[in-house]
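> Let me give you the structure first, and then I'll get to my questions.
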Amino acid sequence: MAQQNDGCFYIELCKNPIRFDPVDKVTNVFYDDANRQVFAVRSCGAMGVVVKGPKDSNSLTFRMESRGDVLSIKFSADKRILGVQRSQKSVEFINFSPDGTTDQLEYSQTCKGRSTIINGFVWTAINEICFITDHGIEFYQVTPERRTLKCLKTINVSVVWHKWLAESNLLLIASGSLSNTLNPFYFRAGSVIKLPKFEVDLPVVPKQTKPNLMERDVSMATIYNQLYIVILRHQPRPGSQGAEIVLYQISRDTPARKTDVLRLDMSGRFAINVSDNLIVVHHQASKTSVIFDIQLETETDGFAKYHYPVVSPLPLKPFKLLLPSLCVQENKMMEYNCELYSANWIVFQPNIVIDAKLGCLWYVELKLEPLVTMIPDKSRLMKLLLLRKDSKSVILSVCREMLKPGQQADLSTIAKILDMLNKVYQQHLEKEVLILAGEIPGTDFNHAQVIVDQSEMYTHVFSEFEDNQEIKYKFKVAVLIEYIRSLSQCNIPVQHYLYELIINILVRNNCFYQLHQFLQYHVLADSKPLACLMLSLEHVYAPAHQLALDMLKVISTANEEIIEVLLSKHQLLPAVRFIRSVGIVDTVSARKFLEAAMNTDDSMLFYTVFKFFEQRNIRLRQNPRFPAGEHCEEYVKHFEGLFDHNIESYLEDSDEEERFSMDQGRQEEGDNLVWDFQHVSQYSGPVPIPSSVMGRFSTNFSKDLETGDTPTLKDLRDFGLYHHESLLLDPRDLPLLSRLLVVCL
């Protein structure tokens, strides 16, 4: 089929129709709606039967004996048994092998009752068949190996005409003087269930006899996983103009009820298809088609909803068909304009159109792209798109267009659409949780609605409009905040790359105050990736470093990251304080700290850190040595190279109650205080430190001591660990005592 792009059309026939031999004097064409196969029977089968299906693998060619005109022909679901009706009294059967060859012996089954005639038959299962007679239904089980049939059940009911929906195994039989009493029968695994019958309301025509409900005006369809009987009413009600379509929803326990009415506002000959849960109505007189979506919001009277076409009626997309040329030249194909809405068209459910004279079978398809410009209400458009298959690319395109300059929608509309996307996303995630928990089977996971997740919105929408310089950055931030708000409202965890996108936009526009506010008030949720991003912004915004640390502190699982940040900044003592505050002193790696301390080239700082972990070793293993597994040999050698072993003579372990004493002699030289001390005999008393010296230390330390108390070496050791900077702040004040205090650490 040649393509022709002329105008905007939202309905078209498939580009590659199934081609079969057209109807002529020797060829009859039949359609099996259960298997979606077309049978071209030539000379009653004597010259061959060609079967074409949706796939080439379904094609089959065979011959039958000519025993009269074929009234109906259908394969069983497994293509192993062929049923052929040549008379109104019996159905003949032919067995097929897996390779497609036929069995030479045929067998048949007659209906019950001398006056009974067979109106048709349907395969209800692989080896089960139902005859529909004028007196009711006869349900049989076929045994192909024995070439016999066994009657399972018969049901007596007056039959005027019948309809069969293979995908639901539902048989609908019309009875009554006006054919408006409908009897549904449901078939399953060797049984038939009679559902409650119901009557269809017929239009009231003044001074005329009520018309019968015609078979051509009734069809069955599955729409949004619900089974409906679709009835066309040409004269709906007095005073109204045009026909209407009434939908009756079938229930197993209660009679079918009228739920929806489709207003056509046209009269004439109609044909109905269902494509992608949309009801497509073809009007032959105007050569146009319209679509209805029963899920869209509309008016209601409390009993039924009344729908109007989604968009204005338009014709099917014109097309051309390649046909053999009438010229004598061989292998020459010519393009011919195909007649739309031909009188030769026959429509089958759900979306089949057959032209028997042309020899083509098409599938009715919906084009979503033209609907974007035809539906101005973006909220209504988005709801329509979310209910369609393969609409994700169109949805993302609509979202992009709403953000472009000149086409921007207002924030309220954008927020409404984002809420629609995320509610479907939320339902999808909730179903996944139920499936993983085993509360619902995985087969019940219905993917009817399109899921647009955060990664797709980021990749195809937000990342593109971020680089558009024509869009104001305030609008970009507002849209992203709305999306994050919508995700949070639907209890969907926000991915870090959305936060990063906002931060990049704010930083690029020097909006550091707004960024600070977003972080401080947790508009941007705390996360490790976000903290790392803030650390990288320290060179442009100094407070970003502390914001990142605060964020990591809130995250209970980010202890390692905090340590790494502090060590990278050579903040050894804050790092030590942190591991003590969170209680991970026993598990932290000593090598990591010692390496960072050695890289600072501060020998006193290295001594402090080394002694800290040495004390940890004593507490854990009663031995100051580092285990071989910690690989600290390099740092032990470095320590021994920096400090003389005699340094231990200044300080012995406080747990053994060893002490120092100092003889104090004071002299002033300018502004400096000079202290002389000497090693005195050991005893268990505290070390006296003059109050004039203590006054130079941190006031916090002084407050911890009661008036008149004298700090011990252990106090000084703890104080030095938390206030190392204060002890070494001004070495000129304590040239000799500072050495002692460092030893005390």
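The values are calculated or read from the model by the stated rules, or taken from the named source; none is laboratory data. Only a predicted model underlies this, so the values are computations on that prediction, with no experimental measurement involved. A quick note on method: Cβ atoms are made from the backbone with ideal geometry, for glycine too, and the neighbour counts reach across all protein chains shown. For the accessible areas, the whole protein counts, side chains as well, though only heavy atoms, and no ligand, DNA or RNA atoms are used. Shrake-Rupley method; radii C 1.70, N 1.55, O 1.52, S 1.80 Å.
> Mind checking which residues of segment 266-277 are touching a Ser or Thr at 6+ places or on another chain (Cβ under 7 Å) and either open to solvent by 30 Å² or more (accessible area, probe 1.4 Å) or among the small types (G, A, S) (or both)?
If the condition is that a residue be touching a Ser or Thr at 6+ places or on another chain (Cβ under 7 Å) and either open to solvent by 30 Å² or more (accessible area, probe 1.4 Å) or among the small types (G, A, S) (or both), then M266 is the only one that fits.
> So, in segment 46-63, exactly how many residues are of a type in the set (D, E) and either surrounded by 14 or more Cβ atoms within 10 Å (Cβ to Cβ) or assigned to a loop (DSSP other than H, G, I, E, B) (or both)?
The qualifying residues number 0.
> Here's something else I'd like to know. Return the residues of segment 278-303 that are out of contact with any Ser or Thr (no Cβ under 9 Å at 6 or more places or on another chain), surrounded by fewer than 20 Cβ atoms within 10 Å (Cβ to Cβ) and within 17 Å of L247 (Cα to Cα); say none if nothing qualifies.
Those that are out of contact with any Ser or Thr (no Cβ under 9 Å at 6 or more places or on another chain), surrounded by fewer than 20 Cβ atoms within 10 Å (Cβ to Cβ) and within 17 Å of L247 (Cα to Cα): Q295, L296, E297, T298, E299, T300, D301, G302.
> Being touching a residue at least 24 places away in the same chain (Cβ under 8 Å), open to solvent by 10 Å² or more (accessible area, probe 1.4 Å) and under 29 Å from T110 (Cβ atoms): is that true of Y224 here?
In short, no.
> Follow-up. How about segment 304-314: which of its residues are small (G, A, S) and either under 28 Å from I346 (Cβ atoms) or open to solvent by 70 Å² or more (accessible area, probe 1.4 Å) (or both)?
Result: S312, single match.
> Right, next: Output yes when any residue across segment 481-504 is in a helix (DSSP H, G or I), more than 23 Å from E466 (Cβ to Cβ), free of Cβ contacts under 8 Å to residues at least 60 places away in the same chain and open to solvent by 50 Å² or more (accessible area, probe 1.4 Å), and no when none is.
No, segment 481-504 contains no residue that is in a helix (DSSP H, G or I), more than 23 Å from E466 (Cβ to Cβ), free of Cβ contacts under 8 Å to residues at least 60 places away in the same chain and open to solvent by 50 Å² or more (accessible area, probe 1.4 Å).
> If you don't mind, there's one more thing I want to ask. So for segment 582-597 (the condition being open to solvent by 60 Å² or more (accessible area, probe 1.4 Å), β-branched (V, I, T) and either in a strand (DSSP E or B) or at pLDDT 85 or above (or both)), does at least one residue qualify?
For segment 582-597, residues open to solvent by 60 Å² or more (accessible area, probe 1.4 Å), β-branched (V, I, T) and either in a strand (DSSP E or B) or at pLDDT 85 or above (or both): present.
> It is to be established whether one or more residues within segment 343-354 are free of Cβ contacts under 8 Å to residues at least 60 places away in the same chain, of a type in the set (A, V, I, L, M, F, W, C) and farther than 25 Å from V311 by Cβ.
Checked segment 343-354: at least one residue is free of Cβ contacts under 8 Å to residues at least 60 places away in the same chain, of a type in the set (A, V, I, L, M, F, W, C) and farther than 25 Å from V311 by Cβ.
> Hey, another quick one. For segment 390-415, name all the residues that are open to solvent by 70 Å² or more (accessible area, probe 1.4 Å), closer than 21 Å to T459 by Cβ and not small (G, A, S).
Within segment 390-415, D390, K404, Q407, Q408 meet the criteria.
> Answer yes if at least one residue in segment 456-467 is part of a helix (DSSP H, G or I), within 18 Å of A525 (Cβ to Cβ) and hydroxyl-bearing (S, T, Y), and no otherwise.
Yes, there is a match, as at least one residue in segment 456-467 is part of a helix (DSSP H, G or I), within 18 Å of A525 (Cβ to Cβ) and hydroxyl-bearing (S, T, Y).
> May I pose another question? Tell me whether segment 183-197 contains one or more residues that are more than 42 Å from the chain's Cα centre (by Cα) and farther than 28 Å from F75 by Cβ.
no
> Under the condition of being among the polar types (S, T, N, Q) and more than 12 Å from K194 (Cβ to Cβ), which residue from segment 153-179 is surrounded by the fewest Cβ atoms within 10 Å (Cβ to Cβ)?
S177
> Checking the condition in contact with a Gly (Cβ under 8 Å, 6 or more places away or on another chain) and surrounded by fewer than 20 Cβ atoms within 10 Å (Cβ to Cβ), which residue from S43, S66 passes?
The conditions single out S66.
> The conditions are (1) farther than 30 Å from V364 by Cα; (2) modelled with pLDDT under 90, and K89 fails exactly one of them. Which is it?
Tallying (1) farther than 30 Å from V364 by Cα; (2) modelled with pLDDT under 90, K89 fails exactly one: (2).
> Turning to a different aspect of this structure: From I471, I414, I451, grab the single residue that is assigned to a helix (DSSP H, G or I), of a type in the set (V, I, T) and touching a residue at least 12 places away in the same chain (Cβ under 8 Å).
I414
> Being open to solvent by 20 Å² or more (accessible area, probe 1.4 Å) and either in a loop (DSSP other than H, G, I, E, B) or without any contact (Cβ under 8 Å) to a residue 40 or more places away in the chain (or both) is the filter here; which residues of segment 130-151 pass it?
Correct list: D134, H135, T143, P144, E145, R146, R147, K150, C151.
> Would you check if there is a residue in segment 21-40 being in contact with a Lys or Arg (Cβ under 6 Å, 6 or more places away or on another chain), closer than 30 Å to V311 by Cβ and without any contact (Cβ under 8 Å) to a residue 40 or more places away in the chain?
no
> Name the residues in segment 611-634 that are more than 19 Å from E560 (Cβ to Cβ), assigned to a helix (DSSP H, G or I) and either over 54 Å from the mean Cα position of the chain (by Cα) or charged (D, E, K, R) (or both), would you?
Within segment 611-634, K611, E614, Q615, I618, R619, R621, E633, E634 qualify.
> Among the residues of segment 180-190, which ones are surrounded by fewer than 19 Cβ atoms within 10 Å (Cβ to Cβ) and under 28 Å from R80 (Cβ atoms)?
Those that are surrounded by fewer than 19 Cβ atoms within 10 Å (Cβ to Cβ) and under 28 Å from R80 (Cβ atoms): Y186, R188, A189, G190.
> Next up: In segment 331-381, which residues are of a type in the set (A, V, I, L, M), in a loop (DSSP other than H, G, I, E, B) and either within 39 Å of the chain's Cα centre (by Cα) or within 22 Å of W164 (Cβ to Cβ) (or both)?
L340, A356, L368, I375
> Report, by residue number, each residue of segment 520-542 that is farther than 22 Å from V582 by Cβ and either open to solvent by less than 50 Å² (accessible area, probe 1.4 Å) or acidic (D, E) (or both).
Result: L524, L533, L537, E538, Y541.
> Would you call Y10 in contact (Cβ under 8 Å) with a residue 12 or more places away in the chain, under 30 Å from L385 (Cα atoms) and open to solvent by less than 60 Å² (accessible area, probe 1.4 Å)?
Judged against the criteria, Y10 is a match.
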